[in-house]
Structures are given as structure tokens and as C-alpha cells.
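S.K.: Please see the structure below; I have some questions.
The values are calculated or read from the model by the stated rules, or taken from the named source; none is laboratory data. Bear in mind that the values here come from a model prediction, so they are computed numbers and not experimental data. Because the Cβ atoms are built from the backbone with ideal geometry, glycine has one as well, and the counts that use them run over all protein chains shown.
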Amino acid sequence: MIKLAADNFIQMKILTADQIKEVDQCSILLQKISSWDLMERASSVFVNALLPYLRKNTSVHVYCGKGNNGGDGLAIARMLAEKGFSIHVIIVEHTPKASQDFLINYEKIKLLS
């Protein structure tokens, strides 16, 4: 029997930015959590999926904008730093405006420096 690598792929739907926002809002309302809690949960899942691929002495560079995706990046950087990784965060100033969740994670990561 021949097994193709494609047999192992997980099928997933690609969502637009607007669809992602709608899914996030549904999660926040149905699960009665804040957008920051949702961001923490997503970041934690990402970090746990990434850990098997990182050596302990790995230096990680995280590039972030100032929106909610940047907030996710800061949360991921903070969680990796808390696990002992050397983290370098670069915030790209593409806009003076920052999301509230970005600002929360920005303050939290500054406490680690």
C-alpha cells in the first residue's frame, strides 16, 4: 500500500479578516470571555504547538504591528520568555493607533524587561 504525504493534511477553511473578526466576536459572546482572554488562549495554544520545534537556547524574534495580531505576537513573546527563551520584539510603527489588547500585552511584556 502506498501512503501519500497529502493523506496526512488536515483540511481547514481559510477565512477572510472580516470572517475572523466575526468568529472572534461569536467566541467572546458565547463563551462570555474578554477579547484579551481569547487572545491569551490562542497565544497559549500557538506556543504549545511551537515548543516541540524550538531548542532551549533558541533566540526568537517576534515582529508585531500595533493591532490585535500584534497583541497576539506580544503574548506569544511573553509566554516564550516566561519559558526561558531569549526573545527580541520588534514593533513595526505602521500606525500611531494601537488596539486595547495590544496595549495590555505591551504593558505585560515590559514588566519582563
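S.K.: Tally time: how many residues in the stretch 23-43 are surrounded by 14 or more Cβ atoms within 10 Å (Cβ to Cβ), more than 13 Å from the chain's Cα centre (by Cα) and either among the polar types (S, T, N, Q) or closer than 18 Å to G73 by Cα (or both)?
M.R.: 2
S.K.: I would also like to ask the following. Restricting the first residue to the stretch 49-66 and requiring it to be assigned to a loop (DSSP other than H, G, I, E, B), which pairs with a second residue that is among the acidic types (D, E) meet a Cβ separation below 8 Å and a spacing of at least six or different chains?
M.R.: Sorted first by the residue in the stretch 49-66, then by its partner, the pairs are K66/E93.
S.K.: Let me ask another. Criterion first (under 16 Å from D24 (Cβ atoms), hydrophobic (A, V, I, L, M, F, W, C), part of a helix (DSSP H, G or I) and in contact (Cβ under 8 Å) with a residue 24 or more places away in the chain) does M39 satisfy it?
M.R.: Answer is yes for this residue.
S.K.: Report yes if some residue within the stretch 8-27 is at pLDDT 95 or above, of a type in the set (V, I, T), more than 16 Å from F102 (Cα to Cα) and in a helix (DSSP H, G or I); otherwise report no.
M.R.: The answer is no, given that none of the residues of the stretch 8-27 is at pLDDT 95 or above, of a type in the set (V, I, T), more than 16 Å from F102 (Cα to Cα) and in a helix (DSSP H, G or I).
S.K.: Tell me yes or no: at least one residue of the stretch 77-95 is touching a His at 6+ places or on another chain (Cβ under 6 Å) and modelled with pLDDT of 95 or more.
M.R.: yes
S.K.: Looking at this structure, is C64 surrounded by fewer than 11 Cβ atoms within 10 Å (Cβ to Cβ) and not charged (D, E, K, R)?
M.R.: Spelling it out, it is not the case that C64 is surrounded by fewer than 11 Cβ atoms within 10 Å (Cβ to Cβ) and not charged (D, E, K, R).
S.K.: Hey, can you tell me all the residues within the stretch 73-101 that are buried (at least 21 other Cβ atoms within 10 Å of the Cβ), charged (D, E, K, R) and within 23 Å of K21 (Cβ to Cβ)?
M.R.: D101
S.K.: Consider F46 against the criteria (1) touching a Phe, Trp or Tyr at 6+ places or on another chain (Cβ under 7 Å); (2) surrounded by 12 or more Cβ atoms within 10 Å (Cβ to Cβ): it satisfies all of them except one. Which criterion is unmet?
M.R.: So the condition that F46 fails would be (1).
S.K.: A further question on this structure: What is the one condition in (1) assigned to a loop (DSSP other than H, G, I, E, B); (2) hydrophobic (A, V, I, L, M, F, W, C); (3) within 15 Å of the chain's Cα centre (by Cα) that A98 does not satisfy?
M.R.: For A98, the failing item is (3).
S.K.: Output the residue which, of all residues in the stretch 102-111 that are farther than 13 Å from C64 by Cα and out of contact with any Lys or Arg (no Cβ under 7 Å at 6 or more places or on another chain), is surrounded by the fewest Cβ atoms within 10 Å (Cβ to Cβ).
M.R.: L111
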